[in-house]
Amino acid sequence: MTLASVVIVGAGQAGFQVAASLRHEGYDGRIPLIGDEPGLPYQRPPLSKAYLLGKIQATNLLFRPADFYTTQRIELLHDQATAIDRLNRRVVLASGAAVSYDHLVLATGAHNRPLPVPGAELPQVFGIKTKADADALAPLAKEARNVVVIGAGFIGLEFAAVAAALGANVHVLELGERPMARAVSREMSELFRQSHEAWGVHFDFRQGLSRIDGDNGRVCAVQTGDGRALPADLVVFGIGVIPNAQLATEAGLDIENGIKVDASLLTSDSRISAVGDVASFPCLQNDEQHTRLESVQNAIDQARAVAARLMGKPAPYSALPWFWTDQGDLKLQIAGLSNGYDSTVVLGSVEDKQVSVLCFRQDRLVAVESCNRIGDHMAARKLLARAPKLTAAEAAADGFDLKVWEAANRD
Ligand code: FAD
């Protein structure tokens, strides 16, 4: 290994993992890890779920305690990277300092798409991205009586489940026609809709909002697109994210819905890689179209792949995408990508909330969504990683068991 320093911009899930994996692989050079958030690097998933309910403490969010960074010689710099000087291979920081690199990894993540309506600036209107967001939101969530959630995607629904559990009246506005429509099948959407309604959550589909009203600087109502005023003392929105690609754009790197990378996660500059939420990569499971995935699995696996490449073990990135969300008593785990599916087979019992939906495209299994069926999810991950020959007809046969089929078809 001849690289004297690998600089990482972004100390979130992917940036942290690049640093940890480099050391794990035996890299001995410098690793400056530049992050613009305060404190030690932490995980985000609990921020919209267990952390808000007080079930997880702040220290449990941390990837590693402080001494890890010292012993692993990872130089955590609390600063913001403001420019990449590619000619001189330096990253310029907001503090005025500059850090030289032999290789640079961009792991800058994404920020919440802002809510484009009057009133969005009121202090009781939240997107959830950072620990600071969750810390400010938690006490308001505990006191709120009327909560309006904008967007029935993962984050919106995770928060809706939390707010309902805390005793609030919860109203969800969603422009689409069903929950989590971009990511899950109709069958799974339906199970989640029914469960949320049973917890007291009210849905308004095909519905937007025109503004948020305040009274003395406090949210008091949300005006729906069709002219109704919903009482509200707290508004939480989750309407998608925008990749933090500005640094890369200004440095002249190729951009395509995020920082464009090739199959080995290199940008258009062979000295710079990009990983995690910000990286748009040719995704095997999406017909090699450039795709951005927002998940812990994607951040970790891409980080590991880059660390391995930098340590002389290059391989095209091909990890199977998987994802999870926790809402109330529902744990949904998704293996593969279901976009473009044309048929489904449902296993299990909707009544018991233990369901797996197998999604097929042209009779090829492309994704398995498992709700409270962890065994199916684990089997699906193994199966999908090796292009299974399972047909929809086989899966629909009486007594079909995904785990048994997986074990019997391991050749
Ligand atoms: P991030 O973790 O967002 O880290 C990027 C970091 O870079 C940030 O700290 C940012 O401030 C910093 N940064 C950006 N620009 C600069 C700069 N110029 N200089 C210095 N620092 C910079 N995924 C799942 O799989 N399951 C879940 O249940 C789940 N739940 C989630 C819940 C919430 C509330 C959120 C927000 C995300 C959730 N995710 C979940 C998604 C998952 O957390 C992300 O996909 C993952 O964190 C992406 O890692 P990343 O390193 O690419 O980006």
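The values are calculated or read from the model by the stated rules, or taken from the named source; none is laboratory data. The model shown is predicted, which means the values in this text are computed figures rather than measured ones. Using ideal geometry, Cβ is built from the backbone for each residue, glycine included, and neighbour counts are taken over all protein chains shown. Accessible surface areas use protein heavy atoms only, side chains included; no ligands, DNA or RNA. Shrake-Rupley method; radii C 1.70, N 1.55, O 1.52, S 1.80 Å.
Some observations on this one:
- Considering residues of segment 291-330 that are β-branched (Val, Ile, Thr) and under 13 Å from the mean Cα position of the chain (by Cα) only, the residue least open to solvent (accessible area, probe 1.4 Å): Thr325
- Selection count, segment 350-371, where residues are under 24 Å from Ala160 (Cα atoms), open to solvent by 10 Å² or more (accessible area, probe 1.4 Å) and either out of contact with any strand residue (DSSP E or B) (no Cβ under 8 Å at 6 or more places or on another chain) or part of a strand (DSSP E or B) (or both): 4
- Meets criteria (modelled with pLDDT of 95 or more, surrounded by 22 or more Cβ atoms within 10 Å (Cβ to Cβ), polar (S, T, N, Q) and within 13 Å of the ligand (Cβ to nearest atom)) for Thr108: yes
Okay, residues lined up against (1) in contact with a helix residue (DSSP H, G or I) (Cβ under 9 Å, 6 or more places away or on another chain); (2) within 21 Å of Asn112 (Cα to Cα); (3) not hydrophobic (A, V, I, L, M, F, W, C):
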{"residue": "Asp262", "(1), (2), (3)": "no, no, yes"}
{"residue": "Leu265", "(1), (2), (3)": "yes, no, no"}
{"residue": "Ala279", "(1), (2), (3)": "yes, yes, no"}
{"residue": "Glu288", "(1), (2), (3)": "no, no, yes"}
{"residue": "Gln327", "(1), (2), (3)": "yes, yes, yes"}
{"residue": "Asp342", "(1), (2), (3)": "no, no, yes"}
{"residue": "Val350", "(1), (2), (3)": "yes, no, no"}
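- Among (1) without any contact (Cβ under 8 Å) to a residue 24 or more places away in the chain; (2) within 11 Å of the ligand (Cβ to nearest atom); (3) open to solvent by 50 Å² or more (accessible area, probe 1.4 Å) - the single one Pro46 does not satisfy: (3)
- Within segment 79-89, the set of residues being open to solvent by 60 Å² or more (accessible area, probe 1.4 Å), over 17 Å from Ala245 (Cβ atoms) and within 14 Å of the ligand (Cβ to nearest atom) is empty.
- Residue within segment 25-38 that is within 23 Å of Glu158 (Cα to Cα), near the ligand (Cβ under 9 Å from one of its atoms) and either more than 18 Å from the chain's Cα centre (by Cα) or in contact (Cβ under 8 Å) with a residue 24 or more places away in the chain (or both) present: no
- Qualifying residue in segment 108-123 (condition: in contact with a Leu (Cβ under 6 Å, 6 or more places away or on another chain) and within 26 Å of Gln13 (Cβ to Cβ)): no
- The residue that is farthest from Tyr101 (Cα to Cα), among those in segment 243-282 that are more than 11 Å from the ligand (Cβ to nearest atom) and within 16 Å of the chain's Cα centre (by Cα), is Asn257.
- Residue match in segment 125-148 (condition: in contact with a His (Cβ under 6 Å, 6 or more places away or on another chain) and either away from the ligand (no atom under 15 Å from the Cβ) or at pLDDT below 95 (or both)): yes
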